[in-house]
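Here's the structure, in structure tokens; my notes come after.
The values are calculated or read from the model by the stated rules, or taken from the named source; none is laboratory data. What you see is a predicted model, and the numbers here were worked out from it, not measured in a lab. As a convention, Cβ positions derive from the backbone with ideal geometry for all residues, glycine included, and neighbour counts pool all protein chains shown. Areas reflect the complete protein model, heavy atoms only, side chains present, ligands, DNA and RNA absent. Shrake-Rupley method; radii C 1.70, N 1.55, O 1.52, S 1.80 Å.
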Amino acid sequence: MSSELALPDPWHHLSKWTAARIALGRVGASTPTRAVLDFTMDHARARDAIQTALQVDKLDKELDDRGFRSLRARSRAHDRAEYLRRPDLGRMLAPECLVQLENPQTQTRLLTIVIADGLSALAPMQHALPLVEMLREALSSWVLDSIVLATQARVALADEIGQVRGAEATIILIGERPGLKSADSLGAYLTYHPRPGRTDAERNCVSNIRPAGLSYAHAALKLLHLLEGARTLSRSGVDLKDESDANWIPRLATDRPNHDR
């Protein structure tokens, strides 16, 4: 269809400020072909994000190159189809993972970070490592545990992993449910004194971590603030408020241009 037939929306200039679908214009009573094709492409990207497998070997090597130790784990969901149909299985650790995750050393102040596929493996593949590096540089009162790479994982899987590792707190970096403009959105969930049975009300979430959303530096700042707050309260969740924007931590004042743009 000729582009001359499309009537521009008078508010089109506002679209430069948002990725949302606004002011698309009209062709008669319909949406312009370009807008329909863009929608179809974004929908395909969202579907791909859900079905794409986490490249554990690649991520494992990247972690090793940067000096991180890593372990592997998976949930009781055997494949992607079962993972999507049975969310409960994605919250439980496969029994064969227990031995390799057991921590022989009792360590106080231990923080276990889990990198998991969730509903978008694109998100942890693209954003988890730079965020973990930024956290490592700023952790001063925590001992960073081996990074656990988890597949077919839901958020609550980190609770059992944290208990097995003997962690004081866990942070799971997990792919969020893809939106039509955000197939690579990373979420970070903090649980203090993790154990199976923790509810969503007992964790704190920092959401939409990606260059087009919350920057790595800002996300790290919030997580550090929440970690210290959780230790002070001896709990995480609804009683722990994110007041990081009002309590700036100078050590993270400088952003990293190469990662956040």
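So the values come out like this:
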quantity: Residues of segment 133-173 classified as within 14 Å of the chain's Cα centre (by Cα), open to solvent by 10 Å² or more (accessible area, probe 1.4 Å) and of a type in the set (Val, Ile, Thr), total; calculated: 2
quantity: Residues that are touching a residue at least 60 places away in the same chain (Cβ under 8 Å) and farther than 15 Å from Leu139 by Cβ, drawn from segment 212-249; calculated: Ala212, Ser236
quantity: Within segment 101-111, tally of residues that are touching a residue at least 60 places away in the same chain (Cβ under 8 Å) and closer than 14 Å to Thr191 by Cα; calculated: 1
quantity: Helices (runs of 4 or more DSSP H) within segment 1-101 that include 3 or more residues open to solvent by less than 70 Å² (accessible area, probe 1.4 Å); calculated: 33-51, 56-65, 80-85, 87-90
quantity: Residues of segment 174-225 that turn out to be within 25 Å of Leu101 (Cβ to Cβ), assigned to a helix (DSSP H, G or I) and open to solvent by 50 Å² or more (accessible area, probe 1.4 Å), as a count; calculated: 2
quantity: Cross-chain or 6+ apart pairs with Cβ under 6 Å, segment 169-183 first and of a type in the set (Asp, Glu), then in a loop (DSSP other than H, G, I, E, B); calculated: Glu176/Ser185
